[in-house]
Every structure is written in C-alpha cells, then in structure tokens.
C-alpha cells in the first residue's frame, strides 16, 4: 500500500482512539481532507524542485508503534546537552518518556501536547493558538491530522525561564520502519524569554521518517532562541516545519545545525505581525556521502521598522546535495524594513551539489534588502599558509571550516551548545583542534 | 643546513627557477636580492613546499635530507619557517589559537606532548613583549584587518614562537614604517643563534642595515648571478640592478 493510502486509512482508527469531543477533532478532520487533496509534495512543486521525497516515502512505515521500549539515561546521555541543567521533554518512538524527562508547571508550563489537547485548563490556549500559524500545505496538514504528542510550552508574561528546555525524540528500531509526527506548541507571552533545544535521534539503522510541526508564538517583547541540532544517522530523515508568529518588538532566532541524516528538509517560516521585530535565522550544514539538506526559509515582513537576518553556511563533500531557498516578502506597509540574507557554500568534491535560490518580493519602496550567495572551494593560499606553520592538511582544512562557520557560532547564546557543535564538527572532520572557538 | 643544487622549478608550465645553487650553514644570514619577477618569492615558496610549484630538476637538502617529497607541514616540523610577503587573513581563528595549534601540531609530529598551558602562556607573553605586541592583538582574528606592519610583526611573532632552524623572510620589510622595521629586525636578531640560519629576501637594502647578512646573492631571471658580502647590497642600493642585468646579458 502506498504511504498516503496507509495514512488516510489509519486516520479513522486514530481519531476513534482518542477523545472525539475535542475541539481539535474538527481541525484534524479538516487537515486530513487537505492532505488527501494535496498529498506529498513532488518535484513538480516549485518549492520542492531540488528535493525529492521518493526515496524516503518508499518504506512501509509503522504509523503507530506497537510496543514500548524503555531507554536508560546512561545509554542516551550523550545526545543530551548534559553539562548544564535543563528541562527535558523526551519521547521514545513517539511516546512520552517520563523517566527521561524533567517537566514543570511551576510558573511556566513545560509539558506534553497530549495533555494540553485534553485538559480543560489548556483549552483557551489551544483555541487561541493551535494550528493558527501553521500553513495548510500537505505535509503540515498531515501532521495536524495526526497531532497528538509533542512538546507544549507556555511561558506567561514577565518570565525569564531559568534554564533551557530540551526536546528530544529517540527512535529505538522497535519497528522495521517508523514514521513520527511530533507536534509542538510554544507560546511565549509578553516580556518573557526562553531558550529551546531540539534534537531527533535514531538509535538503529531502521528507517525513520519524522514529519514535525512546531508553532511558536512570540508575543510583545518576547525573546525566543531556538536551536535545532540535526545530526541523525544515515537512515533517518526529517521534515521540519516550523512556523513563527511574532508580535511587536519580539526577537526570535533559530539556529539550525545540520550534520547528518539521510534527508533533512527545514521549512522555516517567520511572520512579523508588529513593528520593530527582529527575526534571525542561522544555519551550518556540513554533510557528505549522499546526504541531502534543504533549507527553505520565508520571512514575511508585514509591518514597518522590522529586521530579518539570514546567514546560512554550507560545506558539502562527496555526493551530498544542499539546497537553500530563501524567500523574503516585504509588504507595501512594511517601510524601513532591513532584510539581510547570505548563503555561503564550500564544495569539497566535484560531485557535491548546492542549489541556492534567493527570492525577494519587495512591495515597499523605503527598505534595505540585501542578499548574497557564494559557492567556492577551500582557499588554497590559506591552506598553504597554515601548513607552512606546521598544521597538517586535515587540521588546516578543519580550522578553515571552523573559521568559515564561525559567524554562525558566534551568535549562539548557550556556551555548551557552541562547545557541542565545535566538537561535532571536529569529530566529523576527524581532527582534534584542541580549543574551542 | 640548507643545500640547494641546480634547482629548476615551474608553475603552470612556466619555468621560473632555472638552476639555483645555494648553501646556507647554521649561524649564517643570507640575503637574496634581485629585481621584481626574478624568482625570489618562488624560491621561498619552493623551499617551504608550496604544492603549485613543480620541482623539475635538482634537489633541496635540509640537514642532508632531500625534502622535495615532503609536504609543507612536514618541512615546518623539520624547522623550516617562511614569513609571508602577504600573510593570509583567517577570520574566526585568533592569533593565540592559531599559534597554539601550530606549536602543538609540530610537537605532536616530533613525538612530544602538547605544551603545558602555563608554559604556552608564558612563552606567548615573552615573545609578544619582544615584538611589542599588545595583549588585545593576540585575541583578534588572524591577520584580519591588520595593518601591513601588524601582519609582518605577527609573522615574526610566530617565528619567535616556533623557533625554526631555517627562517625565510620574504619581503618582510615591505609595508613597514621605520619603527616597525626596527622592532621586526630586533626580533629577528634576538632569535639568531649559531644553530639556526636566516634567509632574508628583499628588494631593498634598508632591512639589511638592521639584519646584517653574511652573504648577499643576486637573483635574476631564475638564477643566482652574483654572490658577495654585505658590501654587494650597498652597491645594489647605489647603482640599482641594471648593471647586473647588463653583465648577465653581455
């Protein structure tokens, strides 16, 4: 059976299984219709021209894992940012693991989507925010139809959240092939500040496809810093759909570190609904083999005096493929917009590919918008300079790559993440640089 | 220490060095002078192991060992140092981190442990003082936005840190004002010993007022056409290179 048919037929069973009176029921039904109409995107869609899902859709994925499996913290500790205290929301094969998690309801809510969807005390928030910013395309609709589990984070106003929140998804290989559809809702009220780290990790070679949707609402003067660490194994694919609704004077940043996985597609969308908003998107992609990473970004400048900053760096080896498709829309009312976009790439092999496509749609006349894309090789004169000082070729190359990605790392506000990324890069390149940049 | 026999080298099939013979012994300072385009920088790059240059004939012996097949970093580990005419900017890597990496990689190649952090700091402080380098300067990105003088001073600082056996200074005086020239020359002189050697490549004589050579060679059209003592440098300063060219062409 085709995956689409399987999903459509699973849906009824899924809806019967859970509270049918939920208001979300109508939303799910509607979403299922959308998915039935739209299906999965194909290369005929302009936004999917360079990324084909055929290779990942061919598996016979389990949509509902049959068995549960427990994991010991010591066995998965390395996937956590464990050298600092954090809140943790952990899922194993899509099911919440209370054993590995550390949630809270003290002043803030860091808990589960499933309880938020069911318990009356969250009803108002769900009504106001759930599925309000997610775009109704096939993939997001599919996630909405099956939305049940994920992270629910609500930060009331004037709260500086005392420690970062980690959202981790493990898949154990219990199923021959597994499809996961986590759904996250993050609402940050006025003047509050939160830092979130998200990671998906498969622990075996069994295929995993994750189609995740995250909705983030940053209200007046809120600050949200989001870090996505994508370093999964060769059989794991991720479609990340993130939608961010920003109100006036809010600041949101999303850093995406893509170092692994078979296919990774990041749909990252910012909507600026207010003045003096800052939206920052940064990414480092370092891949090889036949890996494929696609960044598809959108910033919608709707009101005046806002800024957006995009800085994506990519290093591509072997037969890997990179895609950057960055769209910036500046509405007529959005005067005095400052929008910057940069995408710099290094190709390490003749067989690696990068497709980069900036799209600027500007309807206002008093704006500053810039974009720049570069594709190059490693600087040979810099290589000789370093080698002539005794730094071997491999290490010199690594050092240049650090240097290349450093702009992106410099805006990371959690030092442990910076160290972690530095280590991953060093591991990836098989070197020990001996210092943190 | 260094012996070059009948060295021919080319880049992209263009022949640049056409039979160089040179011997540099420990404790000596050699100056290589010559008009633009004579092959001075090529000679420096070939000794240091730049891959774009192809050695077609001849050999380069370091302590009696042919280093032709060695990579640039392996030559560095054996004590060769090239101070670049145009040091490369490496944004994102600080001067300190760069030199730490260079030293520890060299030590690793020599089978030694990493230098102790405390000793490293002490050495950095000492050598920075020698070259009148400010502490703040050391945390800046390597060569990024440095003035010409700062770049050259940083090159000699790295030389001081690495303590090479054979230092080649390629046009180290270019872009230096008189104070920077004095500081750089003073640094080089302090590092000189009976166990190491220096090759100074320069277009002008002024650096040689500060770093006094034992021998002066004139490179022209890919060959050393004249060798002498420091007096030759004065003669070149006074009369230019035309008389050399005439002599060669005659």
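Side notes on the structure shown:
- Which numbered condition residue A:385 misses (of (1) at pLDDT below 95; (2) over 25 Å from residue A:43 (Cα atoms)): (1)
- Considering the range A:101-115, the residues that are closer than 27 Å to residue A:65 by Cα and under 22 Å from the mean Cα position of the chain (by Cα) include one that is surrounded by the most Cβ atoms within 10 Å (Cβ to Cβ), namely A:110.
- Some residue of the range A:403-412 being within 29 Å of residue B:49 (Cα to Cα), in contact with a helix residue (DSSP H, G or I) (Cβ under 7 Å, 6 or more places away or on another chain), without any contact (Cβ under 8 Å) to a residue 60 or more places away in the chain and in a helix (DSSP H, G or I): no
- Exactly one residue out of A:417, A:346, A:375 is within 27 Å of the chain's Cα centre (by Cα), more than 8 Å from chain B (Cβ to nearest Cβ) and part of a helix (DSSP H, G or I): that is A:417.
- Within the range B:134-144, being touching a helix residue (DSSP H, G or I) at 6+ places or on another chain (Cβ under 9 Å) and either surrounded by fewer than 21 Cβ atoms within 10 Å (Cβ to Cβ) or touching a residue at least 60 places away in the same chain (Cβ under 8 Å) (or both) holds for B:134, B:135, B:137, B:138, B:139, B:140, B:141.
- Among the residues of the range B:188-198, some residue qualifies, meaning at least one is in contact with a helix residue (DSSP H, G or I) (Cβ under 7 Å, 6 or more places away or on another chain) and at pLDDT 95 or above.
- Looking only at the range B:32-41, and only at residues there that are touching a residue at least 12 places away in the same chain (Cβ under 8 Å) and either closer than 21 Å to residue B:234 by Cα or in a loop (DSSP other than H, G, I, E, B) (or both), the one that is farthest from the other protein chains (Cβ to nearest Cβ): B:35
- Per the listing A:266, A:184, the residue uniquely over 18 Å from residue A:153 (Cβ atoms), part of a strand (DSSP E or B), modelled with pLDDT of 95 or more and in the same structural domain as residue A:152 (by TED's automatic domain parsing) is A:266.
- Any hit, the range A:385-405, residues being farther than 28 Å from residue B:45 by Cβ, within 14 Å of chain B (Cβ to nearest Cβ) and crowded, with 18+ Cβ neighbours inside 10 Å: yes
Residue by residue, here is whether (1) farther than 21 Å from residue A:71 by Cβ; (2) outside any loop (DSSP other than H, G, I, E, B); (3) touching a strand residue (DSSP E or B) at 6+ places or on another chain (Cβ under 8 Å) holds:
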{"site": "A:124", "(1), (2), (3)": "yes, yes, no"}
{"site": "A:133", "(1), (2), (3)": "yes, no, yes"}
{"site": "A:136", "(1), (2), (3)": "yes, no, no"}
{"site": "A:149", "(1), (2), (3)": "no, no, yes"}
{"site": "A:153", "(1), (2), (3)": "yes, yes, yes"}
{"site": "A:163", "(1), (2), (3)": "yes, no, yes"}
{"site": "A:168", "(1), (2), (3)": "no, yes, yes"}
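- Residue A:88 being crowded, with 16+ Cβ neighbours inside 10 Å and under 30 Å from residue A:193 (Cα atoms): yes
- Hey, residue A:362 surrounded by 14 or more Cβ atoms within 10 Å (Cβ to Cβ) and more than 12 Å from chain B (Cβ to nearest Cβ) or not: yes
- If you go through the range B:67-108 and keep only what is at pLDDT 95 or above, surrounded by fewer than 17 Cβ atoms within 10 Å (Cβ to Cβ) and either assigned to a strand (DSSP E or B) or at the interface with chain A (Cβ under 8 Å from one of its Cβ atoms) (or both), you end up with just B:71.
- Of residues in the range B:42-61 being within 14 Å of chain A (Cβ to nearest Cβ) and surrounded by fewer than 20 Cβ atoms within 10 Å (Cβ to Cβ), the one nearest to residue B:227 (Cα to Cα): B:53
- Residue in the range A:210-230 that is outside any strand (DSSP E or B), under 26 Å from residue A:67 (Cα atoms), in contact (Cβ under 8 Å) with a residue 12 or more places away in the chain and touching a strand residue (DSSP E or B) at 6+ places or on another chain (Cβ under 9 Å) present: no
- Looking only at the range A:38-51, residues that are more than 20 Å from residue A:297 (Cβ to Cβ) and either surrounded by 14 or more Cβ atoms within 10 Å (Cβ to Cβ) or not assigned by TED's automatic domain parsing to the domain that holds residue A:205 (or both) come to 3 in all.
- Restricting attention to the range B:205-231, the residues that are out of contact with any helix residue (DSSP H, G or I) (no Cβ under 7 Å at 6 or more places or on another chain), at negative phi and in contact (Cβ under 8 Å) with a residue 40 or more places away in the chain total 5.
The values are calculated or read from the model by the stated rules, or taken from the named source; none is laboratory data. Computed from a predicted model, the values in this text were never measured in an experiment. Cβ atoms come from the backbone with ideal geometry, glycine included; neighbour counts cover every protein chain shown.
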